[in-house]
1. Between their Cα atoms, which of Lys63/Lys105; Lys78/Lys105; Lys85/Lys234; Lys185/Lys213 are more than 26 Å away from each other?
2. What percent do you get for the relative contact order of region 98-209 when only Cα pairs under 8 Å and 6+ apart count?
3. Assuming R0 = 22 Å, what is the FRET efficiency of Lys85 and Glu220, from their Cβ-Cβ distance, to the nearest 0.05?
4. Separation between the Glu210 and Tyr244 pseudo-spin-labels, each 7 Å from Cα along Cα→Cβ, expressed in nm?
5. Taking 1 over the mean of 1/r across every pair of different Cα atoms in region 41-244, what Kirkwood radius in Å do you get?
6. Based only on other Cβ atoms within 10 Å, what is the fewest-to-most ordering of Ile215, Ile164, Ile58?
7. Sort Val87, Val169, Val101 so the one with the fewest other Cβ atoms within 10 Å of its own Cβ comes first.
8. With point charges of +1 on the Cβ of Lys and Arg and -1 on the Cβ of Asp and Glu, referenced to the Cα centre of region 41-244, which listed residue (Ile126, Ser201, Leu145) lies farthest in the positive direction of the dipole?
Amino acid sequence: MNTEGIKGSEGFKGSKGSKGSKGSKGSKGSKGSEHSLHGKHGCTALLPDSYPDTGMKIYGCGKPVRLFVAGLHGDEWKDTTGLLKSVETPKTGTLALIPLVNCGKYVSTLNSGYYSGIGKKILKAIEELNPEIYIELHSYSGENLEKLAGRNRLDLIGVPAYSILKAGVLLGSVSPWVRKKYFPKESLCLSFEIQKGSAESRKFAAQMLEILKEIRSRDEFIEYMKKEFPAQAKKAMEDYERFYGEI
Ligand SMILES: [Zn+2]
């Protein structure tokens, strides 16, 4: 979930397309946060053996390369990590999964320090794999729906509102800190928000993941959305254009 505002959103301007600079950024991060898997933070249900170091699993090979991540912060892993664990080999291309990025302190991905700190595992994977398709799975509490999907999110928080898809699953953009800096325009980068504790929400998200793991390009996903969720597709594309420039 990302309900907090972007601090110093000026920073996003002029940072796009700077693929070459990515190596220098994101190197400073909080040491020690990687060990938060073990006890203390409520993740004890997950055996460390199941999630060694990066916790990344790679299925298939070749293009397109997809990277799906879940459990990005706080207790979100409870509703999202299991979903990624059940995704398997795609029919074409590569699918890389990080089912649990971090389950320690909650730091919003809209915070400039997220990806260089507790989310640095994600940056490392992006740099190594250079994915064309990047999906984040988040979860939210019902009372935050308005903050996430309300019309004034762009004014209040500085990023476009999420679209409500189905069964409480929301679709939006990933944080500008990673979108603009690490991906060219033609990449498909999506953030899904699953309603905490909702079995229906989880079930629908699992169906979306099955579709997304076979998607081969951003355009293919846009066509799928236009057919299945025309209203949401229209809104998402308008928001995207307003925020990032033309698609
Ligand atoms: Zn989140």
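None of the figures in this text is laboratory data; all of them are computed from the coordinates on show. What you are looking at is a predicted structure, and each value in this text was computed from that prediction instead of being measured. Cβ: placed from backbone, ideal geometry, glycine included. Neighbour counts: every protein chain shown.
1. Lys63/Lys105; Lys85/Lys234
2. After rounding, I find 28 percent.
3. 0.30
4. Spacing of the two 7 Å Cα→Cβ label points: 2.7 nm.
5. The answer is 17.0 Å.
6. Ile58, Ile164, Ile215
7. Ranking Val87, Val169, Val101 by Cβ neighbours within 10 Å, fewest first, gives Val87, Val169, Val101.
8. Toward the positive end, the furthest listed residue is Ile126.
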